[in-house]
Amino acid sequence: MNWSLALPEIVLSCCAMAILVFGVVVREDSTFVCTMLGLGAFLLTAMLILAAPFGTGYGGLFVVDPFADFMKLLILAGGAMAVVMSLDYNRHERLTRFEFPVLIVLSTVGMMVMASAANLMSLYLGLELQSLCIYVLAAFARDEQRSAEAGLKYFVLGALASGLLLYGISLVYGFAGTMDFARITRALTDPVTVSPGLVVGIVFIVTGLAFKISAAPFHMWTPDVYEGAPTPVTSFMSTAPKVAAMALLLRTMVAPFGHLLAQWQQLIVLVSILSMLWGSLAAIGQSSIKRLMAYSSIGHMGYALIGLAAGTAVGIRGVLIYMVTYVFMSAGTFAVIIAMRRRGRACEQINDLSGLGRTDPAMALAMVIFMFSMAGIPPMSGFFGKLYVFLAAVQAGMWTLAVIGVLTSVIGAYYYLRIIKVMYFDTGGEAFDPRPASLSVIAAGTGLFTTLFFVLPGPVLNAAQAAAQALFG
Amino acid sequence: MIADIAFYIFAAVLLISAAMVVSARNPVHSVLFLILAFFNAAGLFLLAGAEFLAMILVIVYVGAVAVLFLFVVMMLDVNFARLREGFQRYAPVGATVGVVLLAELALVLGGWKFAPEAATLRLAPRPDQVQNTAALGALLYTRYILLFQMAGLVLLVAMVGAIVLSLRDRHDARRQDINRQQSRRVADTLELVRAPLGAGIASLGIYRPITAPAAADGQAPPGSDNPEVHAPAPPAEVH
């Protein structure tokens with residue numbers, strides 16, 4: 001057995017436990033050190049991932065291929081940015097507890113297993129490890145009613161989604177007699193044998209995973225949980241877990257159920273259209289920027305799913321590029337949101353941004369970049385993400401999907417541009433507190449990535465191409 | 001023959017007690033029936049040759065989970081009558097949903113097909129000459145070691161999460177300080193006095209807290225005159 005395939009995961013979980021012990025022993029004021037150690041663990045793991053060989057290990061439970069590595073690096077980036085953003089926020093909100101980075105690191109371990117899962121059992125355990133950490137993180141501000149409510153709501157609905165997923169897994173197991181992806185693929189090579197029971201099982205699995213990426217119609221929890229959870233946790237939830245759940249969805253749909261494309265394609269198309277419509281229409285009336293981001297993320301998942309609906313390697317490449325651009329612009333937007341603080345109190349209303357163009361031009365400029373990118377306006381990276389998924393849809397002959405995507409982008413542009421209007425053309429609003437260096441670094445870094453993506457898109461495109469090929473190969 | 005009889009007894013008691021769990025009015029009775037159901041399920045496992053699962057069911061479910069239920073039910077004093085208030089109102093809707101689901105399930109199972117090689121894949125190799133505890137252990141620690149460790153991490157997260165969300169550092173709490181305990185010496189805390197036989201501690205100027213006001217007057221506490229209290233002092237030997 002080639003146990004060293006999972007070396008990055010093993011090292012990261014050992015780091016998490018070491019940080020936990022360190023935090024418990026030192027106790028007083030260990031949060032900053034623990035956070036830095038967590039960042040170091042992320043960096044070490046990223047290097048291990050780049051150095052690790054490809055292959056399948058643990059009796060087919062665990063696979064390392066370019067696709068898994070691509071997703072894992074993206075997950076680590078999302079987790080690291082959330083950890084950095086939590087530094088200042090947690091200090092202000094009196095949440096400085098060393099468990100915060102530990103839970104984020106453990107959750108990242110779960111997500112990495114999700115990206116590498118080649119068996120329905122490792123899929124489920126990775127998903128549960130990831131979700132359980134995030135339930136706790138959502139309720140981390142336990143003295144605040146909103147946060148406790150967010151944690152409880154996410155926990156109850158997440159447990160329901162896990163139940164549906166498990167039911168689907170059991171139906172698939174009942175059909176195939178195995179949970180191994182490779183063997184399920186072999187059992188399904190002849191689509192004649194497919195029974196309604198198996199299709200119901202696949203529908204349940206898609207339901208459970210769609211809940212995790214908060215695609216409509218399984219998005220009900222998103223606005224409340226996004227709004228109630230501490231903002232760094234919200235930024236974490238909107239980046240890394242989405243990538244991990246998307247990785248699972250792509251791998252399960254393409255690898256074991258790839259021969260049933262005709263069966264699940266219409267399902268993904270439906271989910272995608274509903275997410276795009278709901279994400280753009282329901283966001284219009286929002287006044288809280290965190291709720292706005294929740295609806296925006298629902299919409300973005302809809303766009304990303306267009307690539308999966310196409311069912312081709314080009315489509316998968318589109319999804320991967322979309323996720324890269326989405327992670328960075330979403331993290332950057334949240335860095336700006338966390339920096340919105342007046343006299344020590346966090347501001348969460350869109351109107352609080354009024355006059356930002358005058359009081360803090362740099363922060364306003366960063367927000368403009370992210371909003372343009374989310375709206376899909378060239379030459380920001382968000383445009384290229386949309387371009388590649390629409391391209392894949394057109395190539396696969398799915399014109400309706402592409403047209404609906406373009407139309408909902410136009411609707412979505414309204415509320416993204418409204419934020420820019422509030423920042424530059426609305427008067428009033430005092431200056432925010434001076435922003436901490438950590439948030440400035442994140443906003444500047446992601447802003448640069450988002451703006452300059454078109455200059456050098458090669459590395460990301462090539463990596464996404466290789467990853468998509470690995471999934472089909 | 002005996003096994004058949006045992007099976008029907010276990011199965012019948014299991015079904016009856018499971019029905020009682022949901023229908024009993026008193027929640028404590030519900031939990032007790034749940035324990036009975038667990039025991040009978042364990043019996044069924046034994047008959048099926050899965051002795052490890054049977055023991056786990058008794059130890060984990062009866063020993064921990066059911067006792068925890070009982071504890072919570074008794075501690076919280078939940079008003080179950082109020083919880084059931086809406087039952088009559090929602091019963092028709094619930095029944096409709098249930099019937100639709102049942103029909104769908106019947107449809108799904110009616111058209112069920114197996115993958116060609118499913119039958120051979122599903123047949124787990126029966127361990128020969130090995131107790132199933134050993135067989136399970138060998139599988140868990142070799143083939144499924146990754147899943148086993150992942151499950152361990154999930155439990156660790158549950159533990160950390162429970163502590164994060166519920167533990168509060170109270171500053172007025174009296175904490176155990178191991179260093180202080182270790183550095184205490186006998187001389188700091190213990191005083192040896194020589195007490196005359198039959199005199200009682202009051203004559204040494206040591207009083208119980210309750211009798212302290214009486215002692216302040218310079219008199220012996222009222223109880224000390226009672227001969228029965230003092231009387232036959234055990235022949236304690238002080239070395």
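Worth pointing out:
- Mean separation of Cα contacts under 8 Å (6+ apart) over length of the range A:2-472, as relative contact order %: 16
- Heavy atoms of B:TYR90: accessible area, 1.4 Å probe, square angstrom to 10: 130
- Protein heavy-atom accessible area occluded, A/B pair - total, 1.4 Å probe, Å²: 3400
- The range A:334-473 - percent of accessible surface contributed by carbon and sulfur, probe 1.4 Å: 69
- Rounded to the nearest whole Hz, the Karplus-based 3J(HN,Hα) values (6.51 cos²θ - 1.76 cosθ + 1.60, θ = phi - 60°) of the range B:129-143 follow the sequence 6, 10, 5, 6, 4, 5, 5, 4, x, 4, 5, 5, 8, 10, 5, with x at glycine and proline.
- Nearest-10 value in Å² for the accessible area of A:LYS242, using the 1.4 Å probe: 0
- Principal axis dimensions, the range A:229-295 - Cα atoms, whole angstrom, descending: 44, 25, 10
- Relative contact order for the range A:204-340, counting Cα pairs under 8 Å that sit 6 or more residues apart, in percent: 31
- Dipole magnitude for the range A:1-106: computed about the Cα centre from +1 point charges on Lys and Arg Cβ and -1 point charges on Asp and Glu Cβ, it is near 100 debye.
- Selection from A:VAL324, A:ALA463, A:ILE369, by position along the positive dipole direction of the protein assembly as shown (Cβ): A:ILE369
- Solvent accessible area, Å² - A:HIS259, 1.4 Å probe, full protein context: 90
- For the range A:282-387: relative contact order, % (alpha-carbon pairs under 8 angstrom, 6 or more apart): 27
- For chain A, accessible area per residue (1.4 Å probe, heavy atoms of protein chains only), Å²: 33
- Straight Cα distances below 13 angstrom link A:LYS153 to the aspartates and glutamates A:ASP224, A:GLU227, with same-chain residues fewer than 8 positions distant left out.
- Scattering from the range B:65-116 was approximated by placing one identical point on each alpha carbon and applying the Debye formula without solvent; log10 I(q)/I(0) at 0.17, 0.22, 0.26 1/Å stands at -0.75, -0.83, -0.94.
- Amide hydrogen proximity for A:GLN349: with H placed 1.01 Å from N in the peptide plane, the residues at 5 or more positions away or on another chain lying under 5 Å are A:ILE289.
- Qualifying lysines (Cα of each under 28 Å from Cα of A:LYS386; at least 8 residues distant if same chain): A:LYS72, A:LYS212, A:LYS242, A:LYS290, A:LYS421
- Packing, as the average of other Cβ atoms within 10 Å across residues, places the peptides A:374-385, A:13-24 in the order A:374-385, A:13-24, highest first.
- Helices meeting the span-like rule in chain A (full DSSP H runs, Cα extent of at least 15 Å along the helix axis, mean Kyte-Doolittle score of 1.6 or higher): A:7-26, A:31-51, A:99-116, A:196-212, A:313-339, A:361-375.
- Here each label is just a point 7 Å from Cα along the line to Cβ, and for B:SER183 and A:ALA18 those points are 3.2 nm apart.
- Were the residues from B:ILE16 through B:PHE87 laid out at 0.36 nm apart, the gain over their Cα-Cα distance would be 23.3 nm.
- Candidates per trypsin sites (Lys or Arg not before Pro) in the range B:97-175, loop by DSSP, up to 15 other Cβ within 10 Å: B:LYS113, B:ARG143, B:ARG168, B:ARG170, B:ARG174, B:ARG175
- Amide proton proximity set for A:ASN119, modelled H, under 5 Å, gap of 5+: A:PHE181
- Computed on the Cα trace of the range A:2-472, the radius of gyration divided by the Kirkwood hydrodynamic radius gives Rg/Rh = 0.95.
The values are calculated or read from the model by the stated rules, or taken from the named source; none is laboratory data. Keep in mind it's a predicted model, so treat the numbers as computed, not measured. Note that each Cβ is placed from the backbone with ideal geometry, even for glycine, and that neighbours are counted across all protein chains shown. SASA here: full protein model, heavy atoms, side chains in, ligands and nucleic acids out. Shrake-Rupley method; radii C 1.70, N 1.55, O 1.52, S 1.80 Å.
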